[in-house]
Amino acid sequence: MNFSSTNAAGHRTFADPGTSLGSGVNVLGDEGTLMFIRPDTILWGHAKNRFSQSGQPARTSNNRFGVWPWIDSDIDDQIDSQGGEYQKLPATLFGALSQPTSQGIFGELEGVSWISGFNNAAENTFVVDGVDHVVFQSTFRSDIEDFWAMELDAL
Amino acid sequence: MGFVAFQQITVTDADDVLNTLDTFCAANGWTTNNNSVFGNGRRLHMQKTGSETVHSDLFVNLRSSDPKEIHFNDSSNVFHLGLNMSEVFTLADDPMRQGESGTPVYPRDSVGAGQARGAGVRFLSPDPNFPANQTAFMWIFDLPDLVIVYLEYSPGRFNFFYFGEMKKTATFTGGQVFGASYSYEVTTINADLENQPRFMDNTNDHPNNFIRVDFDTTTDRWVQNHTSGSGFTALQGLIGRHLNRFFIDASPNVFNGKAPLIISYIYVRRAGGVQQSHLGFYEHVRHINMQNLVSKQQFSVGSADWQVFPFRAKGAIIGGIGDDTLSANRAVAIRRN
């Protein structure tokens, strides 16, 4: 988690990383991102879904590495089902050796998933296939698209 | 269980598609309610108790006609093959208008006299009649039930239809699914235009995929998969406002050339037409970008065997075959074991 005492754009969680430094080529040296990916033997890159200076910055399609599904604007409208069921979607890392993005999928963050924030709240818990999960929000953000869940699977 | 049976077989004509399917399904758990001559072809009605659709059996109704004579409600176009699903079978009723006395309601409610509801397959080119001796690929799955038919009407070119039920992830009345390639072909094959076949997906103007779902205050509905707009519609597949689109565009992977198998989730727009809730997904089938695959190619992932088919033809684009861009390579992979 990137901590800030203000509602800054870069104050986010690793599941939906971002930066306040704008879009463009993401190379080591940018600040504000919350995740670094090493796709080959040379490069370390930033994963970021959003940029700009505001508290809830816009999604960027010009990023080089990112995390699905938070990057997808469709999740803004995803709510629970009529029976109260929620769907979790796996946190999926994507990126490319050159911009634009969306040219490769690296894999999933095990135990991390998106879940709708509709009628949801941080620290809620739920069970899927016998595994406990706990819900988090993206620091100070609490819109539908800002939530994520982590498995509490005993090792 | 999942995979039940597969067969690859030559079908002599449109009627033979229904007869062959009847024999195949009857040997693998489906009950035939009727298979008889009707108009320029045949009518076939089958039934099975599903595993997900607990409120009603799966009733499927099919028609063949050559010369083609099946009119659907949304178009003046005429089809060789037609299908829909219902929650009852009545021999006295039109084969494409089963259970129509009020409910369930299809999304396009105005149907002319003698017209059909549902989805169809037709052939305009290379032959306005049903091409003889096509190769048929037929699958039967259960848990949940799904029957898929792919027809290779010329080398590398396909039509398809399917019926059964989704794997539910939510609690609701319904769950049946069916669809067919709308099958519009003139001199070129287009993959990204209205009228074009999209497996587990739909165009806005020509519904060819349907889902049975009761939601909110709306009951007894068959809804079409709709890619945009508002209202009580379902969302699935690759096009437009759907999460799957991301993965098809992000593959094949530039690092290793592999394309991920993409789950086709199904959503419904809630009352108000903006917010969406998940309903389920298609078991036994995945979307895939087939840029680095060829039609009918089989591959394995662990112990699972898959076979890939294009929506219509690999590389089909506006203007003809040959482009290898992203949109031209949308395809499905179907389990083979």
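Read-outs throughout are calculated quantities, based only on the coordinates presented, and are distinct from any laboratory measurement. Not measured: the values here are computed from a predicted model. Ideal geometry is used to build each Cβ from the backbone, glycine not excepted, and the neighbour counts take in all protein chains shown.
FRET efficiency for the B:V294 to B:T171 pair, using the beta carbon distance and R₀ = 45 Å, is estimated at 0.65. Once the Cβ-Cβ distance of B:N256 and A:E151 is raised to the sixth power relative to R0 = 35 Å, the FRET efficiency obtained is 0.80. Name the residues of the range B:1-38 whose amide N is less than 15 Å from a point 7 angstrom out from the Cα of B:L143 along the C-beta direction? Only B:1-5 fall inside the zone, counting backbone N under 15 Å.
Return, ordered by residue number, the residues of the range B:5-40 whose backbone nitrogen is under 17 Å from a label point located 7 Å along Cα→Cβ of B:D94. Counting backbone N atoms under 17 Å from the label point, the list is B:38-40. In summary, the lysines within cross-link reach of B:K167, defined as a Cα separation below 29 angstrom excluding same-chain residues under 8 places away, comprise A:K88, B:K48, B:K258, B:K296, B:K314.
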